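This report concerns only the one structure given below.
Rule-based calculations on the coordinates, nothing more; no lab input. Quick caveat, the model's predicted, so the values are computed rather than measured. Heads up, the Cβs are rebuilt from the backbone with ideal geometry, glycines too, and the neighbour counts pull from every protein chain shown.
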Amino acid sequence: MYTFYNGDIYDGAWHDGLMHGCGLYSYPDGSEFFGRFEHGRKVNGKYKYANGDVFSGEFENGLKSSGQMKYDDGREFNGDFENGMRKCGTMEFPNGDIYNGEYDNVGLMSGGGVMQYMNGDTFSGDFVEGLMHGAGKMIFNNSAVYIGEFKHDLLHGDGEYTFPNGSIYNG
């Protein structure tokens with residue numbers, strides 16, 4: 001077991017003076033990582049954050065790269081990370097909503113994606129900063145369909161709305 005000057009503690013295998021092999025790395029805030037190290041860096045394992053979040057998966061350059069993140073608030077993400085942030089994958093929300101798509105550099109839904117809402121509605125299209133924004137298609141649980149523009153999560157601009165009875169409104 002080795003205690004670093006900042007209070008971090010490592011208990012595990014070493015090679016040439018670097019953490020290498022299986023080990024447990026504990027932080028003063030209560031966070032801990034258990035898994036495999038190579039040349040002093042995390043490679044794969046489980047990281048438990050002090051706030052209750054848990055990541056299980058692969059690391060690249062010491063940052064999350066692919067795996068599963070279970071958040072303390074009940075959300076669960078499976079997919080790829082870039083620079084430690086969500087990049088592309090599936091997020092399941094506690095209310096039953098499921099998003100599959102791209103994320104921006106701060107981890108918000110951004111780019112192409114599909115959101116399946118618990119109420120039966122499904123949106124496929126563009127997201128910006130976590131909101132439906134740009135071109136998209138919304139299929140409502142009552143069989144109505146809107147194809148067109150969205151802005152800040154709302155139908156906005158040109159589009160075609162097909163009512164459940166089959167009548168169509170363009171505008």
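Could you pull out which residues in region 100-119 have an amide N less than 19 Å from a spot 7 Å beyond the Cα of LYS151, following the Cα-Cβ vector?
Only 111 fall inside the zone, counting backbone N under 19 Å.
With point charges of +1 on the Cβ of Lys and Arg and -1 on the Cβ of Asp and Glu, referenced to the Cα centre of the chain, which listed residue (TYR47, TYR99, ALA135) lies farthest in the positive direction of the dipole?
TYR47
Just to be sure I follow: if Rg is taken over the C-alpha atoms of region 16-73 and Rh is the Kirkwood radius over the same atoms, what is Rg/Rh?
Radius of gyration relative to Kirkwood radius: 0.98.
Let me check the size of the chain from its C-alpha atoms; what are the radius of gyration and Dmax in Å?
21.6, 73
If we restrict to alpha carbons, what Rg and Dmax does region 103-152 come to, in Å?
Radius of gyration, then largest Cα-Cα span, for region 103-152: 10.9, 35 Å.
Could you tell me the number of lysine pairs in the chain with C-alpha atoms less than 16 Å from each other, where the two lysines are 8 or more residues apart or belong to different chains?
Here the count comes out as 8.
How large is the charge dipole for region 38-152, taken about the Cα centre, if only the Cβ atoms of Lys, Arg (+1) and Asp, Glu (-1) carry charge, to the nearest 20 debye?
240 debye
Using a/c under 1.5 as the rounded threshold, could you call region 33-115 rounded, prolate or oblate? The axes a ≥ b ≥ c are square roots of the C-alpha gyration tensor eigenvalues, and prolate needs a/b larger than b/c, oblate otherwise.
The shape class here is oblate.
Along the positive direction of the dipole of the chain (beta-carbon charges: Lys, Arg +1; Asp, Glu -1; about the Cα centre), which of THR3, ASN61, VAL114 reaches farthest?
In the chain, that residue is THR3.
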